[in-house]
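So the structure is just underneath, and the comments pick up after that.
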Amino acid sequence: MALVKKPVTGMKDILPEEMQIRDYVTGVIKETYRSFGFTPIETPCMENIANLSNKQGGENEKLIFKVLKRGEKLNLDTAETEADLVDFGMRYDLTVPLSRFYSNNANSLPSPFKALQIGSVWRADRPQRGRYRQFTQCDIDILGEPSNLAEIELILATTTTLGKLGFKNFEIRINERKILKAMAAYSGFNEEDFDTVFIILDKMDKIGLDGVAEELEKSGFAKENIEKYLALFKGVEEADNGVSYLSDTLGEFLDAEVTENFKEIIEAVEATKGDFFKLVFDPTLVRGMSYYTGTIFEIAMPEFGGSCGGGGRYDKMIGKFTGQDVPACGFSIGFERIIMLLMESGFKVPQAEKTAYLIEKGYPNDKLCEVMTKAQKERSNGKQILVTRMNKNKKFQKEKLTAEGYTEFVEFYK
């Protein structure tokens, strides 16, 4: 049987043109995040299946690539449950691995700890534009910082990075899980129904206010509760300050400290940000992960028509490992979607002059050594030098090299 030359569905080969952009973007990300004090770390691609299936990852837990036990531990004949077959899983994000990493290494880490992770993750998802089964995530997280300084730093670091990559006119949508819950409680929904309500609310941008009302009614919720709930969103839209409106309207359902903290984040970012993005309070923002406990945010880009990253506060996750909660907050850039948008816009990596040394076949070896020495000297001075044999069709060869960014050609004949 012939071997299959195409990559498996949902994964892709990365050609040199794209790889050059990916390397450049990675460099900008690392340089910018380091300037904010973030430290690179790395975690394994696999995690214990119990860590990945702890009901913290929302819908992503349905998309885990599960890894069979190996050797004598794998016995297909006697297996009765999935636990008899599976013990590991491919990580579906970088947050669960980071929480385990911190739990295991906290004594060797500073507090607060500002972590930077860039790595592949895997989800058994339906492939589509900008979405793959294997893709790169890029996360920054601050662990051990209980104050809103974490949110402010994460938003500013992320938006600074996007600005350096040339993105403008995007939005950082921001909300608070405690505000979400207070709105639902005020409207008369029971706490055990909050997740159902929020799943429907999360569709607001696709089905609108009337669509949300219809789905809530189909789910069996009382009409008066639905009307009271949706009136809050209309009120926010009409108010000069949506956060203040909710603080006044929700009363005892919403702790005043929550809204004050939330306002401080917005005010601090607004005071220091540039004019290339907007910070927008969005009470319909939910974020699918159930591990979020406080502030949540998302990047909305008009060029993409959807989210290009997001994150939030998850103060309870590390406690699942250690029994003691640790404040934690993170922001993830949609690395693959950023790359896709740059490529579609014809983005070219800024680079110094590239010179090609074309050496004729049969060129004397003693002279070749001189050429190689010259090339090494030029490289040590920061120049990019390609040394290659001269083709018979020199014109076509130069055209190909020009397309790769080479602007100068030096020819060596025997």
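So the check is Cβ under 6 Å with 6+ separation or different chains; which pairs have a first residue in segment 364-385 that's touching a residue at least 12 places away in the same chain (Cβ under 8 Å) and a second one that's among the charged types (D, E, K, R) and in a helix (DSSP H, G or I)?
Partner pairs satisfying both residue conditions: Ile385/Glu378; Ile385/Arg379.
State all residues of segment 392-414 that are free of Cβ contacts under 8 Å to residues at least 24 places away in the same chain, assigned to a loop (DSSP other than H, G, I, E, B) and not basic (Lys, Arg); if no residue qualifies, say none.
Asn393
Based on this model, can you work out whether Met301 counts as of a type outside the set (Gly, Ala, Ser) and either at pLDDT below 90 or buried (at least 16 other Cβ atoms within 10 Å of the Cβ) (or both)? Steps first, please.
Values: of a type outside the set (Gly, Ala, Ser): yes; either at pLDDT below 90 or buried (at least 16 other Cβ atoms within 10 Å of the Cβ) (or both): yes.
Yes, satisfied.
Which count do you get for residues in segment 29-45 that are farther than 14 Å from Ala157 by Cβ, β-branched (Val, Ile, Thr) and out of contact with any strand residue (DSSP E or B) (no Cβ under 6 Å at 6 or more places or on another chain)?
Count: 1.
Only one of these is at pLDDT 95 or above and surrounded by 14 or more Cβ atoms within 10 Å (Cβ to Cβ): Asp141, Asp125. Name it. Working first, answer last.
Working: Asp125 fails: at pLDDT 95 or above.
Among Asp141, Asp125, only Asp141 is at pLDDT 95 or above and surrounded by 14 or more Cβ atoms within 10 Å (Cβ to Cβ).
Residue-by-condition table, conditions (1) of a type in the set (A, V, I, L, M); (2) surrounded by 14 or more Cβ atoms within 10 Å (Cβ to Cβ); (3) over 33 Å from the mean Cα position of the chain (by Cα); (4) closer than 28 Å to Tyr33 by Cα:
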| residue | (1), (2), (3), (4) |
| --- | --- |
| Gly319 | no, yes, no, yes |
| Gln351 | no, no, no, yes |
| Cys369 | no, no, yes, no |
| Ala375 | yes, yes, yes, no |
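For Lys5, which of the numbered conditions (1) part of a helix (DSSP H, G or I); (2) over 19 Å from Asp139 (Cα atoms); (3) at pLDDT 90 or above fails to hold?
(1)
Let me confirm something: among Asn48, Asn60, Asn75, Asn104, which residue is within 19 Å of Phe321 (Cα to Cα) and out of contact with any strand residue (DSSP E or B) (no Cβ under 8 Å at 6 or more places or on another chain)? Show your work before the answer.
On the way: Asn48 fails: out of contact with any strand residue (DSSP E or B) (no Cβ under 8 Å at 6 or more places or on another chain); Asn60 fails: within 19 Å of Phe321 (Cα to Cα); Asn75 fails: within 19 Å of Phe321 (Cα to Cα).
Of Asn48, Asn60, Asn75, Asn104, the one residue that is within 19 Å of Phe321 (Cα to Cα) and out of contact with any strand residue (DSSP E or B) (no Cβ under 8 Å at 6 or more places or on another chain) is Asn104.
Going through segment 391-411 one residue at a time, which ones are among the aromatic types (Phe, Trp, Tyr) and at pLDDT below 90? I'd like the intermediate steps shown before the answer.
Going through segment 391-411, the residues among the aromatic types (Phe, Trp, Tyr) turn out to be 396, 406, 409.
Listed by number, the list holds a single entry, Tyr406.
Looking at (1) at pLDDT 80 or above; (2) surrounded by fewer than 18 Cβ atoms within 10 Å (Cβ to Cβ); (3) touching a helix residue (DSSP H, G or I) at 6+ places or on another chain (Cβ under 7 Å), which is the one condition that is false for Lys62?
If we test Lys62 against (1) at pLDDT 80 or above; (2) surrounded by fewer than 18 Cβ atoms within 10 Å (Cβ to Cβ); (3) touching a helix residue (DSSP H, G or I) at 6+ places or on another chain (Cβ under 7 Å), just (3) comes out false.
Within segment 146-169, track down each residue that is farther than 12 Å from Val269 by Cβ, surrounded by 22 or more Cβ atoms within 10 Å (Cβ to Cβ) and of a type in the set (A, V, I, L, M).
Initial filter on segment 146-169 (farther than 12 Å from Val269 by Cβ): 146-147, 150, 161-169.
Right, trim to surrounded by 22 or more Cβ atoms within 10 Å (Cβ to Cβ) and you get 150, 161-162.
Ala150, Leu162 - these are the residues of segment 146-169 that are farther than 12 Å from Val269 by Cβ, surrounded by 22 or more Cβ atoms within 10 Å (Cβ to Cβ) and of a type in the set (A, V, I, L, M).
Considering only residues that are touching an Asp or Glu at 6+ places or on another chain (Cβ under 8 Å) and of a type in the set (Val, Ile, Thr), which ones fall in segment 296-332?
Passing the criteria: Ile296, Ile299, Ile318, Val326.
Within segment 244-289, how many residues are among the small types (Gly, Ala, Ser) and either at pLDDT 95 or above or crowded, with 20+ Cβ neighbours inside 10 Å (or both)?
Residues of segment 244-289 that are among the small types (Gly, Ala, Ser), as a first pass: 244, 247, 251, 256, 268, 271, 274, 288.
Narrowing further to those that are either at pLDDT 95 or above or crowded, with 20+ Cβ neighbours inside 10 Å (or both): 247.
The qualifying residues number 1.
The values are calculated or read from the model by the stated rules, or taken from the named source; none is laboratory data. For clarity, every value in this text was computed on a predicted model and none was experimentally measured. So basically every Cβ, Gly included, is an ideal-geometry build from the backbone, and we count neighbours across all protein chains shown.
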